[in-house]
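What follows is one structure encoded as structure tokens, with my remarks underneath.
Nothing in this text is a laboratory measurement; each read-out follows from the coordinates by a stated rule. Computed from a prediction, not measured in an experiment: that's the story for all the values here. No Cβ is skipped: glycine too gets one built from the backbone with ideal geometry, and neighbour counts run over all protein chains shown.
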Amino acid sequence: MGLFDKLVGWLRLKKEVNVLCLGLDNSGKTTIINKLKPSNAQVQDIVPTIGFNIEKFKTSSLSFTVFDMSGQGRYRNLWEHYYKEGQAIIFVIDSADKLRMVVAKEELDNLLNHPDIKHRRIPILFFANKMDVRDALSSVKVSQLLCLENIKDKPWHICATDAIKGEGLQEGVDWLQDQIMQSDQNNENVSV
Ligand code: G3D
């Protein structure tokens, strides 16, 4: 089963799933989203998202909102507005960019403490991307530097990925799908 077919499995949830794809610029968000889209819709030329840029991709049951999180303080209010709508988060890290790991952590902390995220059990999938780059940090190391073990009130998972080859993405998508289906079932049980 292809990645997109997996994602279409979410159709069974009978609702649109809004996935926020976040991370610093150049971490690989656009490359990842393009791998998740159906092959005939993939963009061949990937333009790094520079400056303030929100991209939205819509497939049959999935709506992805992608934006960069750093260096755009004056626009922050605009993109934070999307937090409310997100039902799942994909947070992409450039594992080879050791210098900006601290910036990635700051942005993650801001995200986790945001009023529209803080009290929700929203699943967060971390992609420790660019694993193919020599000297890239391992996903365990990335996890340590971002202090992921401190996230106690949200389900989270980290996958080592090479977005160019598409490696590791499937595992992450499977996990995210399980989480969304589980939370859907829990909500149904609550409303019965
Ligand atoms: P962004 O959307 O988060 O800003 P992009 O990031 O998807 O535009 O990717 C930024 C650059 O990193 C691109 O290279 C892209 O090809 C590259 N990239 C993305 N994922 C990987 C990966 O897993 N491994 C490697 N080696 N490179 C990756 P360019 O050269 O176009 O800037």
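Of note:
- Additional length obtainable on full extension of the chain from Glu106 to Val133, 0.36 nm per residue less Cα span: 7.4 nm
- Seen from Leu99, the other residues with C-beta closer than 15 Å to its C-beta sum to a net charge of -1, counting Lys and Arg as +1 and Asp and Glu as -1.
- Placing dummy labels 7 Å off each Cα toward the beta-carbon, the span from Leu99 to Asn77 is 3.2 nm.
- Coupling constants for the stretch 99-104 follow from the phi torsions by the Karplus curve (6.51 cos²θ - 1.76 cosθ + 1.60, θ = phi - 60°), and in residue order they are 4, 9, 4, 5, 5, 4 Hz; glycine and proline get x.
- The order of the peptides 106-115, 137-146 by mean Cβ neighbours within 10 Å, most packed first, is 137-146, 106-115.
- Cross-linked pairs Lys37/Lys141; Lys84/Lys118; Lys98/Lys118; Lys118/Lys152; Lys130/Lys152; Lys98/Lys141: Cα-Cα separations exceed 18 Å for Lys37/Lys141; Lys98/Lys118; Lys130/Lys152.
- The modelled label-to-label distance between Lys165 and His114, using points 7 Å beyond Cα along the C-beta direction, is 3.3 nm.
- Ranked by the mean number of other Cβ atoms within 10 Å of their residues, highest first, the peptides 79-86, 170-177, 120-127 come out as 120-127, 170-177, 79-86.
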